[in-house]
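**Student:** Here's a structure for you.
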Amino acid sequence: MSDKDIEKELKDSADKITVKSFSERWDNIQDRLTFDEAEQTVLAEEPVLVTTENNAVKSADNKKIKLLLTALSFAVCIIIILAIVLPIVLREKEPTYFGESDLVQHAVDKELFFNEISNKGYDIVNLSGYEVGECVLFTFNDEIKGGRLIASEEECILDIYFYDITYQLGNYFFDFGDLHLSYELYTVGSTEIRYNTQFDESVYNTIARVPYKNLNYNIKIFSLTDNHKEIFEKLFS
């Protein structure tokens, strides 16, 4: 069969083909284009890429802003509470300072004296070798804040005052009216002793101010010999 015969036969066959309408063809392929329920569920759960203008993005941004505002509010509350509470706590821990005129004196016997200062936690000077006589406890607002005792041996008498570290120190201990005494410095270990010694009618009068083991001392020494340094060594050893 020649090419012309084949071409003619194809044209005759084409003319015999009846073309179906669109509606008829859609009915035939419609079932193949419709998704079943399972496929629809999967597609609905798949993530969808959205722009920053989408409501989903706006909702996430709103949540972040709310969380940030909550955190800031909490931080502000903490700062306000600390601003109120801290000064009160710090004030409660601050010591109450007092002067000698604020003290109430209580004359007591030796046993009660040493029991009370021991209970208070005071570690006073070394009094071994001395005879302790008069004893006085100092109180401030009914709390023990120090004491006074008289100690003696053959050649000297010690008049010892000691105060809590909240005692307000002043330089008046070396002042006598218009007379302002200079003082010298003597050291026993790490303890610094400021003192002044005067000789008067065969007696050496020594006054000393000493901070020692969380107590402030004012000490008067009346001695027949110039032995104040030996006494310092013994008291603060």
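**Student:** If I filter the stretch 115-133 down to residues being touching a residue at least 12 places away in the same chain (Cβ under 8 Å) and farther than 22 Å from F232 by Cβ, which single residue comes out as surrounded by the fewest Cβ atoms within 10 Å (Cβ to Cβ)?
**Tutor:** K120
**Student:** Can you list the strands (runs of 3 or more DSSP E) lying wholly within the stretch 119-171 that have 1 or more residues being on the phi > 0 side of the Ramachandran plot? Even if it seems obvious, please write down each step before you answer.
**Tutor:** Values: elements: 131-140, 143-152, 156-164.
The qualifying strands (runs of 3 or more DSSP E) are 143-152.
**Student:** Restricting to the stretch 101-115, what's the tally of residues that are in a loop (DSSP other than H, G, I, E, B) and over 24 Å from Q168 (Cβ atoms)?
**Tutor:** 1
**Student:** Could you please find all residues in the stretch 138-157 being open to solvent by 30 Å² or more (accessible area, probe 1.4 Å), in contact (Cβ under 8 Å) with a residue 12 or more places away in the chain and more than 30 Å from the chain's Cα centre (by Cα)?
**Tutor:** Result: R148, I150, S152, E153, E155, I157.
**Student:** Right, here's the next one. Scan the stretch 185-203 for residues that are within 14 Å of K229 (Cβ to Cβ) and hydrophobic (A, V, I, L, M, F, W, C) and report the count.
**Tutor:** Here the count works out to 3.
The values are calculated or read from the model by the stated rules, or taken from the named source; none is laboratory data. All of these numbers come straight from a predicted model, not from anything done at the bench. Please note: Cβ atoms are built from the backbone with ideal geometry, for glycine as well, and neighbour counts cover all protein chains shown. Quick note on the areas: whole protein, heavy atoms, side chains included, nothing else; ligands and nucleic acids left out. Shrake-Rupley method; radii C 1.70, N 1.55, O 1.52, S 1.80 Å.
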